[in-house]
Amino acid sequence: MAAELFRLILNADAEFDEARFYYGILLHETGQSDAGVELMQQTCAHNTTNAHYHMRLGMVFDERHDGPRSLTSFRAAHAIEPTAGSWYNMGVSLLNLNMLEEAEECFRKAVKLYPPNQITSALNNLASVLYKQGKVVEALVNYKAAHELTPQDALIHSNYLFISNFVPHPDPMVLFNEHKKFSEKYETSIRKNNHDAEMAVSVLQRDPNRRLRIGYLSPDFRQHSVAHFIEPVLAAHDKKNFDVFCYYNDTVSDDTTLRIQSLVPNWRVIAELSDHDAARKVQEDKIDILVDLAGHTNRNSLMMFARKPAPVQATWLGYPNTTGFSCMDYRITDALCDPVCMKDALHTEKLVRMPECFSCFKPPSNAPHVSALPAVSRGTITFGSFNNFAKITPEVMRVWIAILARVPGSRLVLKNWCLDNDRMKTFMLEAFARCGATTGQVELWNPNTSNVDHLNCYNSIDIGLDPFPYNGTTTTCDALWMGVPVITLAGVSHVGRVGVSQM
């Protein structure tokens, strides 16, 4: 009916901008996005002084994961009418495009301009930008401020906890108590007002001869580090004796998603469901053991787990610490990451230690051949680390520069996803210079567009360096698979002992 009305209006007046624009939005929202975007673009070209049109078009491009065009639209809106919202939206696009310094500037402007009751999202995104630049302590301050403004927002609270794991030398007991506060704030009230889950658990069949139903829940069944470690598990799962379910809390679908989906007989997408409805879906599937693969990372489903939809719940792989939840019965780890007796008291879950390593890595099927040792042809040693810059703290920089000083002629090569613009490279080189690096000692490589090219870069590295106190995981496995030995430093927490486990 609405579409027909818009067509009638435009037939009568083809230059009616408002009708054309909102007809475009309607088409976009009803599955005809290309046609809708074309109408919206026509309107913006015809009416160049309407900031709202450009802003809304930018949001549509953002929904379509078209970062460059969303940024262009937001900049056009900002040029017409600069507001807190235009600064914020430009920041979001810049963040998605890894233009981190520019994004930081935009979010800082938005924080200044928004009224106090509207700055939470800007603070949260500012914290994300700071974290990705390695400014962990400052990021934590902003996450905490965002959480204090919206204490009911569990996901922002989770962001604060997640970043807390990156702080150098945190007090383990303080960090544990912060996780328990999360449970006291959210889990307690949910369990108090939710009796459906407990009732559902109580009526599950107890027949010892039936096949157990195991569910794995994650937002990362896609090209993501977690996928590298859960895919081989799902591929080798004993499907004769167990019914396997996957609950996917995202809408992104790529080759990894399709591969994982093909491995399990029961695939559920819960991204659009409320926590209550997702829990109900788990109950309807009569899951016996539900495994969380996200912890306090982005798009987690901890509020769904708080409803206790399965009689046994465990957390694994995605998060390197306790969830803080009493409803999470187990955390799967090993005795190297979490030594016996040393870590048990710092978890609300019972630690279940695998006999060797807690993780299982799927080697990339398209990995290039391992080449000869680069030092043979270069005559000098090349160290390398392809880790997230947030893990490469000033302390790590100083240690790595000291290693270079003890190995004459050596160099350090760094590569990660944020090194796709010159401003970020300048920022990192200046940070290393402040920690003692001399000109030419540190090389920064652009991120690769293909996984084959990324892995081939290891053929130029002699020795991998593992950051601390937050070790690499997928990066270490990639290095080892490509024949690069890795040096790791044993820490005191799980994040600082993953390297030990992998070695």
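The values are calculated or read from the model by the stated rules, or taken from the named source; none is laboratory data. A quick note: this is a predicted structure, and the numbers were derived from the prediction, not measured. Counting neighbours? That spans all protein chains shown, and the Cβs are built from the backbone with ideal geometry, glycine included. Side chains are part of the model used for accessible areas, which takes the heavy atoms of the whole protein and leaves out ligands, DNA and RNA. Shrake-Rupley method; radii C 1.70, N 1.55, O 1.52, S 1.80 Å.
In the range 404-426, which residues are part of a helix (DSSP H, G or I) and surrounded by fewer than 16 Cβ atoms within 10 Å (Cβ to Cβ)? I'd like the intermediate steps shown before the answer.
We begin by selecting, within the range 404-426, every residue part of a helix (DSSP H, G or I); these are 404-406, 422-426.
Once the filter is applied, which keeps residues that are part of a helix (DSSP H, G or I) and surrounded by fewer than 16 Cβ atoms within 10 Å (Cβ to Cβ), the range 404-426 yields ALA405, ARG406, ASP422, ARG423, THR426.
Go through the residues of the range 427-445 one by one and say whether even a single one is more than 14 Å from ILE401 (Cβ to Cβ), open to solvent by 30 Å² or more (accessible area, probe 1.4 Å) and of a type in the set (S, T, N, Q).
no
Could you list, in sequence order, the residues of the range 446-478 that are within 22 Å of the chain's Cα centre (by Cα), of a type outside the set (Asp, Glu), closer than 12 Å to PHE386 by Cα and open to solvent by less than 50 Å² (accessible area, probe 1.4 Å)?
Hits for the range 446-478 are PRO447, HIS454, LEU455, PRO467, ASN471, GLY472, THR473, THR474, THR475, THR476, CYS477.
Of all the residues that make up the range 164-189, how many are over 21 Å from ASP344 (Cα atoms) and free of Cβ contacts under 8 Å to residues at least 12 places away in the same chain?
2
Quick one: THR393 ticks every box in (1) among the hydroxyl-bearing types (Ser, Thr, Tyr); (2) surrounded by 14 or more Cβ atoms within 10 Å (Cβ to Cβ); (3) closer than 22 Å to LEU480 by Cα bar one, so which box is it?
THR393 satisfies every listed condition except (3).
Every residue in the range 349-387 that is of a type in the set (Phe, Trp, Tyr) and part of a loop (DSSP other than H, G, I, E, B), please. Walk me through how you get there before you give the answer.
Taking the range 349-387 and keeping what is of a type in the set (Phe, Trp, Tyr), we get 358, 361, 383, 386.
Across the range 349-387, the qualifying residues are PHE358, PHE361, PHE386.
Okay, residues lined up against (1) closer than 21 Å to ILE392 by Cβ; (2) open to solvent by 20 Å² or more (accessible area, probe 1.4 Å); (3) at pLDDT 90 or above:
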position	(1), (2), (3)
ILE163	yes, no, yes
LYS181	no, yes, yes
LYS185	no, yes, yes
GLN205	no, yes, no
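Restricting to the range 25-55, and then to whatever is open to solvent by less than 70 Å² (accessible area, probe 1.4 Å), in contact with a Lys or Arg (Cβ under 9 Å, 6 or more places away or on another chain) and free of Cβ contacts under 8 Å to residues at least 24 places away in the same chain, can you tell me which residue is nearest to SER86 (Cα to Cα)?
Filtering the range 25-55 for residues that are open to solvent by less than 70 Å² (accessible area, probe 1.4 Å), in contact with a Lys or Arg (Cβ under 9 Å, 6 or more places away or on another chain) and free of Cβ contacts under 8 Å to residues at least 24 places away in the same chain, the one nearest to SER86 (Cα to Cα) comes out as MET40.
Among the listed residues ASP66, ASP62, identify the single one that is farther than 23 Å from ASN117 by Cβ and touching a residue at least 12 places away in the same chain (Cβ under 8 Å). I'd like the intermediate steps shown before the answer.
Values: ASP66 fails: touching a residue at least 12 places away in the same chain (Cβ under 8 Å).
The match here is ASP62.
Could you please let me know if GLN313 is assigned to a strand (DSSP E or B) and buried (at least 18 other Cβ atoms within 10 Å of the Cβ)?
Yes; evaluated as a whole, the condition is true for this residue.
Please work out which residue is farthest from ASN471 (Cα to Cα), limiting yourself to the range 351-402 and to residues that are over 31 Å from the mean Cα position of the chain (by Cα) and touching a residue at least 24 places away in the same chain (Cβ under 8 Å). Full working, then the answer.
Step one: list which residues in the range 351-402 are over 31 Å from the mean Cα position of the chain (by Cα), which gives 371-381, 402.
Checking which are touching a residue at least 24 places away in the same chain (Cβ under 8 Å) leaves us with 371, 373-375, 379-381, 402.
Working: SER371: 26, LEU373: 24, PRO374: 24, ALA375: 25, GLY379: 29, THR380: 26, ILE381: 22, ALA402: 19 Å.
So the residue we want is GLY379.
For residues that are modelled with pLDDT of 95 or more, open to solvent by less than 50 Å² (accessible area, probe 1.4 Å) and either of a type in the set (Asp, Glu) or under 25 Å from GLY472 (Cβ atoms) (or both), tally how many sit in the range 224-248.
Total meeting the criteria: 9.
Would you please name the residue that is surrounded by the most Cβ atoms within 10 Å (Cβ to Cβ), looking only at residues in the range 127-152 that are more than 18 Å from the chain's Cα centre (by Cα) and in a loop (DSSP other than H, G, I, E, B)?
Among them, the one singled out is THR150.
Please determine, by comparing only the residues of the range 56-68 that are assigned to a helix (DSSP H, G or I) and charged (D, E, K, R), which one is most open to solvent (accessible area, probe 1.4 Å).
GLU63
Taking the range 249-284 on its own, how many of its residues are open to solvent by 20 Å² or more (accessible area, probe 1.4 Å), of a type in the set (Val, Ile, Thr) and at pLDDT 95 or above?
Residues meeting the conditions: 1.
Restricting to the range 69-98, what's the tally of residues that are in a loop (DSSP other than H, G, I, E, B), buried (at least 17 other Cβ atoms within 10 Å of the Cβ) and without any contact (Cβ under 8 Å) to a residue 24 or more places away in the chain?
Within the range 69-98, residues that are in a loop (DSSP other than H, G, I, E, B), buried (at least 17 other Cβ atoms within 10 Å of the Cβ) and without any contact (Cβ under 8 Å) to a residue 24 or more places away in the chain number 0.
THR120 - would you say it is surrounded by 19 or more Cβ atoms within 10 Å (Cβ to Cβ) and either over 30 Å from GLU18 (Cβ atoms) or not basic (Lys, Arg) (or both)? It would help to see each step written out before you state the result.
Values: surrounded by 19 or more Cβ atoms within 10 Å (Cβ to Cβ): yes; either over 30 Å from GLU18 (Cβ atoms) or not basic (Lys, Arg) (or both): yes.
Spelling it out, THR120 is indeed surrounded by 19 or more Cβ atoms within 10 Å (Cβ to Cβ) and either over 30 Å from GLU18 (Cβ atoms) or not basic (Lys, Arg) (or both).
Of the residues that sit in the range 427-460 and are among the polar types (S, T, N, Q) and in a helix (DSSP H, G or I), which one is modelled with the lowest pLDDT? So that I can check it myself, show each step before the final result.
Applying the first criterion (among the polar types (S, T, N, Q)) to the range 427-460 yields 438-439, 441, 446, 448-451, 456, 459-460.
Checking which are in a helix (DSSP H, G or I) leaves us with 451, 456, 459-460.
Numbers: ASN451: 88, ASN456: 96, ASN459: 97, SER460: 97.
Filtering the range 427-460 for residues that are among the polar types (S, T, N, Q) and in a helix (DSSP H, G or I), the one modelled with the lowest pLDDT comes out as ASN451.
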